[in-house]
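Asks: First the structure, then my questions, so here it is.
The values are calculated or read from the model by the stated rules, or taken from the named source; none is laboratory data. From a predicted model like this one, the values you see are computed outputs, not experimental measurements. No Cβ is skipped: glycine too gets one built from the backbone with ideal geometry, and neighbour counts run over all protein chains shown. All accessible areas refer to the heavy atoms of the entire protein, side chains included, with ligands and DNA or RNA removed. Shrake-Rupley method; radii C 1.70, N 1.55, O 1.52, S 1.80 Å.
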Amino acid sequence: MTAALALHGVSKAFGTNRALNDVSFAVGRGEVHALVGENGAGKSTLMRVAFGLIPPDAGEVTIDGNAARVESPRVARAAGVGMVHQHFTSIGSFTVEENLWLAAGRVGHPSGRPPISNATAVDELRAALWRGLDRTAAAETLPVSAKQRLELLQALATGADILLLDEPTALLAPAEIEALLALLRSFARGGGAVVLISHKLSDVFAVADRITVLRRGRVVLEGRRSELTSPEVAAAMVGGEIEPPPAPAATGAVRIEAGPLRVQAGEVVGIAAIEGNGQRSLLRALAGLEPMASGWRSEAPVAFLPGDRTTEGLIAGFSLTENLVLGHDRDARWTRGPWIDWGEAERWMGVLIDRFEIKAGSPRVPVSSLSGGNQQKVLFAKIAASSPAVVIAENPTRGLDFKATVELHHELRRLASTGVAVLFHSPDLDEVLSHSDRVVVLRGGELLPVRSTATRAEVGTMMAAGVGG
Amino acid sequence: MTAVWRAIGVGLIALGVLAATLAVLGFDPVAGLAALGRNSVGSWYAWSSATLVRAIPLIIIGLGLGLAFRAGAFNIGAEGQFAAGAIAATGTAMVMGSWPGPVSWVATAAVSTVAGALWVLIPVVLKLRLGVLEVISTLLLNFVAEQMVSWMVQGPLQEPQGIYPQSAPIPADVRLPVLAGTRLHLGVVWVILLGTVLWIVIGRTRWGFRLRAVGEAPVAASVAGRIPVGGVQAAALLLSGGLAGLAGGLEVTGVTYSLYQNLSPGYGFTAIAVALIARLHPLGIIVAGVGFGALEAGASGMQREAGIPAVAVNVVQATIIIVALLALRKRRVAAVAEA
């Protein structure tokens, strides 16, 4: 069988960074092929080459067995390839329909069907995606899941039956993820070809027929899903075994109280919630950044890990030392009265760099020069330096790759084991379930206790009940 | 060291552009540049009585604007705050004619500072309460201040005969002392004092750190730093207005000895360039202020001696700003590329 889309011996370097090194990859019709790897492993670069966004230094792309000079996305689209990017590309003020017109380009009206070989599969997927979508609504008014569906429709607007999806589930709720993965499955059954980029192994194992693992620009593992195991793939991604998490600690006094939500010293409590159910306000109130409801309590000092590292947690242009002092500018270790002793602060940051194994040239380099994982370590160094009673983390693994995510969960657990009360939220239900001692559901601003014996499906139902769509 | 060389390079480019402009306009560039140099840095008298006298308001305003810009608050109204300070100093001087010198020097300085701060208080309240952009409100208040001066010199503060649109000369005791044989007044002490204090405050204190954090990333300053962003910006704006007011007060008590319209030849705007070119660094602002003071002084000398319109020097100022901003931009791009 000829592959729908194949890349042969593709290499690409950016300056001295070899993003792709002799990579071959193929997806056939009827197949979902997952492309997994850490941040910077080359997944997105590879798909950008396939879609004509980046010219490769070496190697070639074939579509349906024909060598194609995919020199621009226009060529790729004309050959039946559609791409869904990691970030939303719809224009907020345009309606759904206008965005689709824009995506369809020269092909014409999105409902007019261009001549393609697998019209049925494409049409079925389109019909399913259209369900409940208001064609006259402005894109910016759509909920996240509808925006994601619009992205897919945009990719399909030119009649593509080869879909390249870059992290399409990152922002979706569990039920939405399942629905999307099911759609992709049946699209493939109908003769479509799907490349799914993800670093969520649960998604990958739920839907993929084949799995390719990239690490540092090379293919390190490739095979049928049925022949691979999750730990095997994880090890291939990070290039080594994953160490097991620290053991849970004994619990102590209650540090956070907010109705049915109680967090004791030494435990990790997870908040399961679909995007937009009040988690932002809840966490920020308990962190002391917004007013708290009466009867709520959160023991100081509270350390807060905001959802957006680069704009809320750190000042990118400031040095590591300055970021350490940020929020701790009354700390007696480096502040006397109004005076900040920068030499002393820098010495402390040096100690923390060693302790947290932060990859940084010196405490003086700007935080913006660090990778996402190392920036997250700087945040943990800050927290450790402030010896908090409570740590509140808002979607702390956002944008982190597999290894950094694992390290983050270990770090939260380590904090708990030193007697800190840890409260965290992630939009990924599996993450909440597997890394919390207890779970509380937040729905429509209301906290709901979860029985310790509740199944994943039960928690999922609690999260979604009464929520439209 | 590289910063010094870069500054010298920018200056030479700007003078080259001026020479070319003069040649194109049909003036003798050599004579023009010679007059510019002679009247700005050519003699002790040019230094002390022209260049530094003009540098004082530029530096004091620039120091304040540097604070506001660092906090991410864009005060474009220094010209108006300068005028408010000048009015306040004149009024105060008139009522305290027989007070002993040092008392009145401090009193006029204090009152003009408060007046400048009050003038920016309106934009501050509008910003905090209604979210009105300070760029617009401070700018618009410049025109109001201009009308205030016009009203004052034709009304409450007009000289006794009521003929000229200006105030009576302020009493001799209120006038700031000058260095013997020059026009260099006490304001130079304020420059050194303020420059040093702000340098230390910004680099070494908690307050300076908070100011920088707010300007660099207001959201992170608020969430991670738990800093009241609005409060810090308001304080920085008030201080910048206060310093511009102080500069206006010093101008009346140290240089002009009376209030009249167009007292400032655009100090409030030139000081924006001074602050930006110095990358908001207090000591850099002193150096840049002296440089722009020399240009202003040299320009009037060039007009007097070589018959070249003083506005020709605007070419130099504009060139310096453009070259400096380009250099800044290139560094940014380089920094981004590295990251």
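Asks: Might you check whether a residue that is open to solvent by less than 40 Å² (accessible area, probe 1.4 Å), touching an Asp or Glu at 6+ places or on another chain (Cβ under 7 Å) and at pLDDT 95 or above occurs anywhere in region B:184-205?
Replies: No - not one qualifying residue is present in region B:184-205.
Asks: Residues that are closer than 27 Å to residue A:182 by Cα, in contact with a strand residue (DSSP E or B) (Cβ under 9 Å, 6 or more places away or on another chain), outside the structural domain of residue A:400 (by TED's automatic domain parsing) and modelled with pLDDT under 90: does region A:59-70 have at least one?
Replies: Yes, the conditions are met somewhere in region A:59-70.
Asks: Still on this structure, I have one more. Kindly indicate whether residue B:213 is more than 18 Å from residue B:87 (Cα to Cα), open to solvent by 10 Å² or more (accessible area, probe 1.4 Å) and either of a type outside the set (Gly, Ala, Ser) or facing chain A (nearest Cβ under 8 Å) (or both).
Replies: Judged against the criteria, residue B:213 is not a match.
Asks: Residue A:363 passes all but one of (1) touching a Leu at 6+ places or on another chain (Cβ under 9 Å); (2) within 14 Å of chain B (Cβ to nearest Cβ); (3) farther than 27 Å from residue A:266 by Cα; which number fails?
Replies: For residue A:363, the exception is condition (2).
Asks: Which residue is farthest from the chain's Cα centre (by Cα), if the candidates are limited to region A:390-449 and must be open to solvent by 10 Å² or more (accessible area, probe 1.4 Å) and among the hydroxyl-bearing types (Ser, Thr, Tyr)?
Replies: In this case the residue turns out to be A:418.
Asks: Within the bounds of region A:256-272, is there any residue that is under 20 Å from the mean Cα position of the chain (by Cα) and of a type in the set (Lys, Arg)?
Replies: The answer is no; no qualifying residue exists.
Asks: Do you know which residues across region A:127-147 are within 17 Å of residue A:181 (Cβ to Cβ) and without any contact (Cβ under 8 Å) to a residue 40 or more places away in the chain?
Replies: A:131
Asks: Surrounded by fewer than 23 Cβ atoms within 10 Å (Cβ to Cβ), in the same structural domain as residue A:84 (by TED's automatic domain parsing) and within 16 Å of residue A:275 (Cβ to Cβ): is that true of residue A:170 in this structure?
Replies: yes
Asks: Can you list residue pairs whose Cβ atoms sit under 9 Å apart, with the first residue in region A:427-439 being closer than 15 Å to residue A:460 by Cα and assigned to a helix (DSSP H, G or I) and the second being open to solvent by 20 Å² or more (accessible area, probe 1.4 Å) and among the polar types (S, T, N, Q)? Count only pairs 6 or more apart in sequence or on different chains.
Replies: A:430/A:202; A:431/A:405
Asks: Still on this structure, I have one more. Given the condition modelled with pLDDT of 90 or more, over 22 Å from the mean Cα position of the chain (by Cα) and open to solvent by 30 Å² or more (accessible area, probe 1.4 Å), answer yes or no: does some residue in region A:230-248 qualify?
Replies: No - not one qualifying residue is present in region A:230-248.
Asks: Would you mind stating whether residue B:33 is under 30 Å from residue B:261 (Cβ atoms) and in contact with a helix residue (DSSP H, G or I) (Cβ under 8 Å, 6 or more places away or on another chain)?
Replies: No: the conditions fail for residue B:33.
Asks: A further question follows. If you take the residues of region A:455-469 that are of a type in the set (A, V, I, L, M, F, W, C) and open to solvent by 30 Å² or more (accessible area, probe 1.4 Å), which of them is modelled with the highest pLDDT?
Replies: Filtering first and then ranking leaves A:462.
Asks: Next up: Only helices (runs of 4 or more DSSP H) wholly contained in region B:220-308 count here; list those with 2 or more residues that are among the polar types (S, T, N, Q), surrounded by 22 or more Cβ atoms within 10 Å (Cβ to Cβ) and on the phi < 0 side of the Ramachandran plot.
Replies: It comes to B:229-251.
Asks: Now for a different question. Between a first residue in region B:219-236 that is free of Cβ contacts under 8 Å to residues at least 40 places away in the same chain and within 13 Å of residue B:208 (Cα to Cα) and a second residue that is basic (Lys, Arg) and open to solvent by 10 Å² or more (accessible area, probe 1.4 Å), which pairs have beta carbons less than 7 Å apart while being 6 or more apart in sequence or on different chains?
Replies: If the second residue must be basic (Lys, Arg) and open to solvent by 10 Å² or more (accessible area, probe 1.4 Å), the pairs left are B:227/B:210.
Asks: State whether the residues of region B:267-286 include one that is of a type in the set (Ser, Thr, Tyr) and touching a residue at least 40 places away in the same chain (Cβ under 8 Å).
Replies: Yes: one or more hits.
Asks: Residues that are charged (D, E, K, R), at the interface with chain B (Cβ under 9 Å from one of its Cβ atoms) and more than 21 Å from residue A:256 (Cβ to Cβ): find the helices (runs of 4 or more DSSP H) completely inside region A:277-355 holding 1 or more of those.
Replies: Per the criteria, A:320-325.
Asks: Separate question: Would you check if residue A:217 is of a type in the set (Gly, Ala, Ser) and more than 26 Å from residue A:94 (Cα to Cα)?
Replies: Here the answer is yes, as residue A:217 does meet what is asked.
Asks: Let me ask another. Does residue A:257 fit the bill of being surrounded by fewer than 18 Cβ atoms within 10 Å (Cβ to Cβ), under 24 Å from residue A:41 (Cβ atoms) and out of contact with any His (no Cβ under 6 Å at 6 or more places or on another chain)?
Replies: no
Asks: Oh, and also: Among the helices (runs of 4 or more DSSP H) contained in region B:115-217, which hold 1 or more residues that are without any contact (Cβ under 8 Å) to a residue 24 or more places away in the chain and over 18 Å from residue B:234 (Cβ atoms)?
Replies: B:134-154, B:187-204
Asks: Next question, about the same structure. Hey, does region A:307-319 have a residue that's at pLDDT 90 or above, aromatic (Phe, Trp, Tyr) and within 25 Å of the chain's Cα centre (by Cα)?
Replies: Taking every residue of region A:307-319 in turn, none turns out to be at pLDDT 90 or above, aromatic (Phe, Trp, Tyr) and within 25 Å of the chain's Cα centre (by Cα).
Asks: Then there's this: In region B:1-104, which helices (runs of 4 or more DSSP H) lie fully inside it and hold 1 or more residues that are free of Cβ contacts under 8 Å to residues at least 40 places away in the same chain and open to solvent by 60 Å² or more (accessible area, probe 1.4 Å)?
Replies: Answer list for region B:1-104: B:2-25, B:29-40, B:78-95.
Asks: I would also like to ask the following. If you take the residues of region A:202-229 that are assigned to a strand (DSSP E or B) and open to solvent by less than 30 Å² (accessible area, probe 1.4 Å), which of them is farthest from residue A:42 (Cα to Cα)?
Replies: So the residue we want is A:223.
Asks: With the structure loaded, tell me whether residue A:239 is on the phi > 0 side of the Ramachandran plot and not basic (Lys, Arg) or whether it fails that test.
Replies: When the stated conditions are applied, residue A:239 passes them.
Asks: Identify all residues within region B:156-182 that are closer than 17 Å to residue B:249 by Cβ and open to solvent by 80 Å² or more (accessible area, probe 1.4 Å); write none if there are none.
Replies: B:169, B:173
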